[in-house]
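S.K.: Got a structure for you, written out below as structure tokens; questions coming shortly.
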Amino acid sequence: MKLLFLCLRTVAAFSAYIVAFILFQYTPLFHLLLNITGSSIGTITAINLTAALLTAIIYMSTRNAFPFVRIMCVVLSIPAVVSYSKLLDKIIGFDIQSYLSINITSFLFFIMIMLLLTAGKLKSLEDEWETLIENKTCEEEVKKILRSRMKFYLFFCSFTTVFYIVMSLFGFIVLDMKGSEQSIIIIAALGVILFISLIIFIYKKWSSLVDI
Amino acid sequence: MPGFVLRTSTISLTMLLAGFLFANNILILTSFVPLCYLAFGYFIKVPGNIEVKKSISRNRIIGGELLEVKLKASVEAGFGILEICDVVPPHFELVEGSNYKVIWKGMERGEIYLRYTIKCTTSGTYPMNATKWKARHSICSFSEYGQCENDISVEVSPRLLELRKVRGMSAANKIPMPQGALSSMGMNTNEFKELRLYSPGDSFKSINWKVTSRSLLRGNVWPVVNEFEREGKKSVWIFLDTSRTMNFGSNVRNVKEYSIEAVNSLSDYYLKHNCSVAFLTYGHSTIAINGGSGRNQYYRILKELIKIKDKKSEPYNIKANFLTLYDAVNSYRQHFLGMRPLFVIITRFCTNNYDEVKKGIERMSRYTIRKGALPSVMVVNIDGYGLMAENQAEKLASNLLDSMNRIISKEVRKNCIWIDWDPARESLTEAIIKQVVS
């Protein structure tokens, strides 16, 4: 079971890295590097080799490379996300048309986040497995418990994905209507107020649980 | 509030504000992911409403006996992993089963059954009232802790060592007996001893009619009589050392526990031989039970012996003046006059208490008579070094220290009946017979 968690965790982290790298490939920064080196294979190999080398060094020194992989994925994917910022577009002037569409970039970024979260969850399940086995709990029972926990986590993932798809449909398609400047400002302000209220509401709810 | 709530809220808010600042739709959209995580964490509760029903096979056991514990816990609300652990006092040893269980609490009502057997070798009153639980959240990485309490406790009496198994008269006669009794069947005194069932030959005057009528209601037709102390009983005074030198050994096997068992066995032995037994402690705690006989006196001593273990946990006050053996003998000297009792001292002899034991024996020898060359003072010295020895080298070292103690105690040994008892090697009976006979 521990080996299974380890394999799944590695696969999830590696998949997150691949997604992050795909996102990076369609960024102005990558094209800039391509212009400097002159070879796409060379650039890809150099980036991946550097990432692999750094991961190996971090693993050798801390015996846990996952936090570094997480940072690396975020670093690689951020240029792709930032490219779609209207503010930066106005200042620097990216040629967004030649890159991935905003919908695909957004979905890939979401997938990467979920993969990283899953890898983190698998790590915590692996630790839990070790703790429970150390406490002399029956192995079959531990398997059953962790399977149930994993199922519950998958339910959370699927719920979040559905929620994300609904939100992206709402955000990218429904709101892509032509409207006056005033209506856009009002909708944006309402959105900000609604979202911040949501965060404050849930935060307050948590704060009221003083006995935890 | 768990730290992850603050972290997740901050991430979500930062992403949202960055999204609005840079006019980035992707950042605004993905800021919903941590918010979902937070919402799941709040709206899906950890397992709660836990009720525990616990029972033990007996409330009173003798040291070394097994105790069966049954526990049923029910979980009404929440989702997630629930770990439950029934707290076992530190002096207990788990023999069978487990006092820990973990379950997954899903939609249905969760039930946990625990059944285990424990053994305790040290006397005392132990509370078994706590059952701890830890509930982990099904999605988020935080746990809630709690404790269910009840009023269950168990009283562990010290073991009765094998003194009563001495059958042969030659051996039994060698166990020191007090010399001071004028007659073993004396006149009745006014001191109430106990209630017992009527036996042929008892005076009708001695029947306790109130108790008899009460027992009649319970279906017992046999009359109950009052028994009074008789004059001329042989008197034994047991002195137990409760000083810091006795706290030697592990939690399960220690000198203090063996000393308590020795007092228990000796008092049982002498009371069964129709002696009046008094019990005193010196060193740390002061317990004094004046002379008496019969089973009531045995239970009185046993009750105090159980308390000694509990007093062990009290911190030692260096500045406090504790009663020495000499002081204890001196303060009760009025009770010894004319009685010529047998004094029994139970201690762990070492260089620290050399003077104390010597002075105490000298003082005792004033109030007792000599049996041959020795006064009626018996010292049971518990050799504790053997209890801590685990390997050959440690055993060798413990033997060396025991030998050194024998050399140091050479002077003191001349003035009393000295019994060296190593609980790791022999029983108390063997130690007494071996050394008294020799």
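S.K.: If you find the alpha carbon centre of region A:8-51 and of region B:240-261, how far apart are they in angstrom?
M.R.: 71
S.K.: What relative contact order, as a whole-number percentage, does chain A give when Cα pairs under 8 Å and 6 or more residues apart are counted?
M.R.: Numbers: 114 pairs, mean separation 63.0, N = 212.
Computed over chain A, the figure is 30 percent.
S.K.: Same structure, new question: Select from B:Leu16, B:Leu271, B:Thr30 the residue farthest towards the positive end of the dipole of the protein assembly as shown; place +1 on Cβ of Lys and Arg, -1 on Cβ of Asp and Glu, and compute about the Cα centre.
M.R.: Among B:Leu16, B:Leu271, B:Thr30, the one farthest towards the positive end of the dipole of the protein assembly as shown is B:Leu271.
S.K.: About the Cα centre, and with charges only on the beta carbon of Lys, Arg (+1) and Asp, Glu (-1), how big is the dipole of chain B? Nearest 20 debye, please.
M.R.: Around 1160 debye, computed over chain B.
S.K.: Among B:Val379, B:Val87, B:Val225, what is the fewest-to-most ranking by other Cβ atoms within 10 Å?
M.R.: In order of increasing Cβ crowding within 10 Å: B:Val87, B:Val225, B:Val379.
S.K.: While we're here: Based on DSSP, what percent of beta bridges with both residues in the protein assembly as shown are antiparallel, to the nearest 5?
M.R.: For the protein assembly as shown, the DSSP antiparallel bridge percentage is about 70.
S.K.: Along the Cα-to-Cβ line of B:Arg253, 7 Å from the Cα, sits a label point; which residues in region B:395-438 have backbone N less than 19 Å from it?
M.R.: B:395-403, B:420-432, by backbone N distance to the label point.
S.K.: Lys and Arg at +1, Asp and Glu at -1: add these up for the other residues within a Cβ distance under 9 Å of B:Tyr113 and post the number.
M.R.: +3
S.K.: Which percentage, to the nearest 5, of the DSSP beta bridges contained in chain B is antiparallel?
M.R.: 70
S.K.: List the residues, sorted by chain then number, that are 5 or more residues from B:Ala278 or on another chain and whose placed amide H is less than 5 Å from its amide H.
M.R.: Counting only residues 5 or more places away or on other chains, the set is B:Val236, B:Trp237, B:Ile238, B:Gly292.
S.K.: Placing unit charges on C-beta atoms (Lys and Arg positive, Asp and Glu negative, everything else neutral), compute the dipole magnitude of the protein assembly as shown about its Cα centre in debye, rounded to 20.
M.R.: 2120
S.K.: Also, I was wondering about something else. Over the alpha carbons of chain A, what is the largest minus smallest coordinate on each principal axis, giving the biggest first in Å?
M.R.: Ordered largest first, chain A gives principal extents of 65, 51, 26 Å.
S.K.: On to the next question. Determine which lysines satisfy two conditions relative to B:Lys205: a Cα distance under 18 Å, and not lying fewer than 8 residues away in the same chain.
M.R.: Within the straight-line limit of under 18 Å, B:Lys205 reaches these lysines: B:Lys193.
S.K.: Additional query: What is region B:23-150's relative contact order, in percent, from Cα pairs under 8 angstrom and six or more apart in sequence?
M.R.: Normalised by residue count, the contact order of region B:23-150 is 28 percent.
S.K.: Add -39500 (n - 2.57) for each DSSP H run of 4 or more in chain A, then divide by its residues: what number comes out at 222 nm, to the nearest 500 deg cm²/dmol?
M.R.: -28000 deg cm²/dmol
S.K.: Would you order A:Cys7, B:Cys275, B:Cys85 from fewest to most other beta-carbon atoms within 10 Å of each residue's own beta-carbon?
M.R.: The fewest-first ordering by Cβ neighbours comes to A:Cys7, B:Cys85, B:Cys275.
S.K.: Would you work out the relative contact order for chain B, in percent, from Cα pairs under 8 angstrom that are 6 or more residues apart?
M.R.: This gives 12 percent for chain B.
S.K.: Further, regarding this structure: Return the loop-located trypsin sites (Lys or Arg not before Pro) in region B:53-144 (DSSP other than H, G, I, E, B) with at most 15 other Cβ atoms within 10 Å of their own Cβ; answer none if there are none.
M.R.: Details: sites: B:Lys53, B:Lys54, B:Arg58, B:Arg60, B:Lys70, B:Lys72, B:Lys101, B:Lys105, B:Arg109, B:Arg115, B:Lys119, B:Lys132, B:Lys134, B:Arg136; in loops: B:Arg58, B:Arg109.
Filter output for region B:53-144: B:Arg58, B:Arg109.
S.K.: Answer with one residue from B:Ile382, B:Gly219, B:Ser206: the one whose Cα lies farthest towards the positive end of the charge dipole of chain B, charges on Cβ with Lys, Arg +1 and Asp, Glu -1.
M.R.: Checking the options against the dipole of chain B, the answer is B:Ser206.
S.K.: Now, a different point. Going by Cα centres, region B:93-135 and region B:345-367 are how many Å apart?
M.R.: So the two Cα centres are separated by 46 Å.
S.K.: Going toward the positive end of the dipole of the protein assembly as shown, with +1 on Lys and Arg Cβ and -1 on Asp and Glu Cβ, which of B:Ile433, A:Phe107, A:Thr118 do you reach last?
M.R.: Farthest towards the positive end: B:Ile433.
S.K.: Grab region A:46-196 and count how many Lys pairs have their alpha-carbon atoms under 24 Å apart, sequence gap of 8 or more, or different chains.
M.R.: The number of close lysine pairs in region A:46-196 is 13.
S.K.: Using the 10 angstrom Cβ neighbour count as an exposure proxy, how do A:Leu169, B:Leu325, B:Leu71 rank, fewest first? List each step's numbers first, then the result.
M.R.: Details: A:Leu169 12, B:Leu325 26, B:Leu71 21.
Arranged by neighbour count, lowest to highest, A:Leu169, B:Leu325, B:Leu71 become A:Leu169, B:Leu71, B:Leu325.
S.K.: Helix B:32-43 versus the longest principal axis of chain B: what angle, 0 to 90°, nearest 10, using Cα atoms?
M.R.: Relative to chain B, helix B:32-43 is tipped by roughly 40 degrees.
Every read-out reported here was derived from the displayed coordinates using simple, explicitly stated rules and does not represent laboratory data. Remember, it's a predicted structure, so these values are computed and weren't measured experimentally. Positions of Cβ are backbone-derived with ideal geometry, glycine not excepted, and every protein chain shown enters the neighbour counts.
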